[in-house]
């Protein structure tokens with residue numbers, strides 16, 4: 001009992017440590033990879049491979065002036081950046097990183113992930129509103145409508161996986177993929193979830209709430225110092241979260257050939273998807289706001305309903321036979 | 001269990017009080033979100049994890065974001081806090097207070113009458129909720145579906161845009 005409790009705290013500490021370092025390291029990874037794809041070197045001076053740029057960036061963020069605009073709603077303004085980091089870190093509680101590396105083994109794990117991602121919207125909305133700035137407000141309104149509409153079919157796309165494994169528990173979903181990864185029967189669901197996940201983390205094809213070329217910096221235009229840093233880290237944590245959800249739900253989680261332990265497989269697979277996120281940023285233009293909404297409601301939403309319907313029908317037929 | 005319930009309950013009551021008494025509508029809505037979250041915790045404690053998750057996803061996550069969205073569009077908030085202050089005179093409190101006191105008296109009576117809270121908590125998992133929704137309560141589900149369908153059709157009708165024809169010759173012939 002004692003050792004189990006100690007192990008539990010080790011898992012929580014390990015997960016937090018790895019995640020926060022990953023999020024910081026992603027700053028370097030993203031800048032280097034973007035640079036390589038654009039035929040330049042990127043930050044390569046400080047330390048080995050330029051890795052110390054992370055340290056320099058962090059120190060710079062800490063020492064910047066922490067400015068709260070006099071026209072802002074102070075309490076909400078301070079509170080908003082914390083929401084995104086807290087909600088994303090909470091979602092990691094339900095993700096099984098390995099056979100026994102799991103913080104919360106819940107029977108509503110998947111729903112908890114959806115709930116936390118819908119709470120995460122508040123940081124954009126409140127941050128933009130509290131800044132009391134028209135660009136920030138525009139960004140916040142775009143963010144709210146984008147995330148609400150993409151959340152709907154993100155949930156619907158995930159229901160296909162739930163149907164196949166018969167559980168909301170992510171550990172059970174991973175174990176149900178022992179014979180075949182969910183990517184095979186749920187390819188459409190995977191594509192829809194990937195697109196919705198990019199929109200949920202408002203990363204580059206869908207970074208409409210920020211849209212630096214038209215809205216200055218969107219919802220975080222007024223933020224500086226470590227408050228901006230929280231939004232920044234929250235975004236990278238979100239990328240990691242969506243990547244690890246994709247791995248757990250569609251790519252067999254920790255499963256893989258036995259010469260490597262499960263955690264290593266999980267981390268490797270997750271990094272593949274993180275790199276995909278960065279590649280998408282490097283290669284895709286930003287759509288217009290109305291195009292984004294139309295694409296969501298008129299294409300992806302019906303497709304996810306169709307996916308759900310067909311999956312349910314096939315499962316019923318298989319059961320009959 | 002007991003302590004967690006009382007903490008969550010106290011937060012729910014406090015935040016709901018704050019919802020009513022805030023003049024700044026945005027702050028009131030934020031307290032309402034906190035209230036929903038604490039109700040979700042109570043649901044979870046009393047064996048309804050599915051309801052707890054849905055409370056967060058649907059109420060705190062979706063509906064409140066939509067309401068905040070409209071508050072933002074109408075640019076309410078600190079600008080209208082003065083108006084709210086004018087409207088919310090002490091006299092207005094009399095009616096709701098009397099009604100609440102009646103409810104409180106009823107609650108107190110019930111607590112005194114039978115002091116046995118539900119000790120045997122039955123865990124209601126998602127499957128059980130689904131089975132009862134599509135078994136005995138199918139009629140209610142269908143009716144709610146029809147209501148929502150009517151809402152969607154209405155919203156589509158209101159938000160419909162006529163196709164804009166920018167060419168001057170075509171504009172005359174259409175219409």
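Points to keep in mind about this one:
- Of B:43, B:36, B:50, all but one fail to be facing chain A (nearest Cβ under 10 Å) and either at pLDDT 85 or above or surrounded by 18 or more Cβ atoms within 10 Å (Cβ to Cβ) (or both); the exception is B:50.
- All of A:85, A:11, A:76 fail the test of being in a helix (DSSP H, G or I) and over 23 Å from the mean Cα position of the chain (by Cα), apart from A:76.
- Apart from one condition, residue A:160 fits all of (1) more than 19 Å from the chain's Cα centre (by Cα); (2) away from every other protein chain (no Cβ under 13 Å); (3) modelled with pLDDT under 85; the exception is (3).
- Condition check for residue A:144: at the interface with another protein chain (Cβ under 8 Å from one of its Cβ atoms) and either in a helix (DSSP H, G or I) or surrounded by 21 or more Cβ atoms within 10 Å (Cβ to Cβ) (or both): yes
- Those helices (runs of 4 or more DSSP H) of the range A:160-269 in which 1 or more residues are under 30 Å from residue B:49 (Cα atoms) and in contact (Cβ under 8 Å) with a residue 24 or more places away in the chain occupy A:170-175, A:187-200, A:225-250.
- Residue match in the range A:176-197 (condition: within 14 Å of another protein chain (Cβ to nearest Cβ), crowded, with 19+ Cβ neighbours inside 10 Å, modelled with pLDDT of 85 or more and within 20 Å of the chain's Cα centre (by Cα)): no
- Residue B:26 within 14 Å of chain A (Cβ to nearest Cβ), under 23 Å from the mean Cα position of the chain (by Cα) and surrounded by 16 or more Cβ atoms within 10 Å (Cβ to Cβ): yes
- Sole residue being modelled with pLDDT of 80 or more and surrounded by 18 or more Cβ atoms within 10 Å (Cβ to Cβ), chosen from B:108, B:95, B:61: B:61
- Residue match in the range A:50-72 (condition: at pLDDT below 85, surrounded by fewer than 19 Cβ atoms within 10 Å (Cβ to Cβ) and either facing chain B (nearest Cβ under 10 Å) or under 20 Å from the mean Cα position of the chain (by Cα) (or both)): yes
- Looking across A:202, A:220, one residue alone is at positive phi and more than 14 Å from every other protein chain (Cβ to nearest Cβ). It is A:202.
- The range A:95-107, residues that are buried (at least 23 other Cβ atoms within 10 Å of the Cβ) and within 11 Å of chain B (Cβ to nearest Cβ): none
- Evaluation of residue A:157 against (1) crowded, with 20+ Cβ neighbours inside 10 Å; (2) touching a residue at least 60 places away in the same chain (Cβ under 8 Å); (3) within 25 Å of residue A:212 (Cβ to Cβ) (one fails), failing number: (3)
- A count restricted to the range B:64-92 and to residues that are surrounded by 13 or more Cβ atoms within 10 Å (Cβ to Cβ), modelled with pLDDT under 75 and within 14 Å of chain A (Cβ to nearest Cβ) stands at 5.
- Condition broken by residue A:76, with the remaining ones in (1) over 30 Å from residue B:36 (Cβ atoms); (2) within 11 Å of another protein chain (Cβ to nearest Cβ) satisfied: (1)
- Search result, residues across the range A:119-133 that are more than 10 Å from every other protein chain (Cβ to nearest Cβ) and surrounded by fewer than 21 Cβ atoms within 10 Å (Cβ to Cβ): A:133
- Residues within the range B:45-85 that are on the phi < 0 side of the Ramachandran plot, out of contact with any helix residue (DSSP H, G or I) (no Cβ under 6 Å at 6 or more places or on another chain) and not in a helix (DSSP H, G or I), tallied: 3
The values are calculated or read from the model by the stated rules, or taken from the named source; none is laboratory data. Since this is a predicted model, take the numbers as computed values, not measurements. A quick note on method: Cβ atoms are made from the backbone with ideal geometry, for glycine too, and the neighbour counts reach across all protein chains shown.
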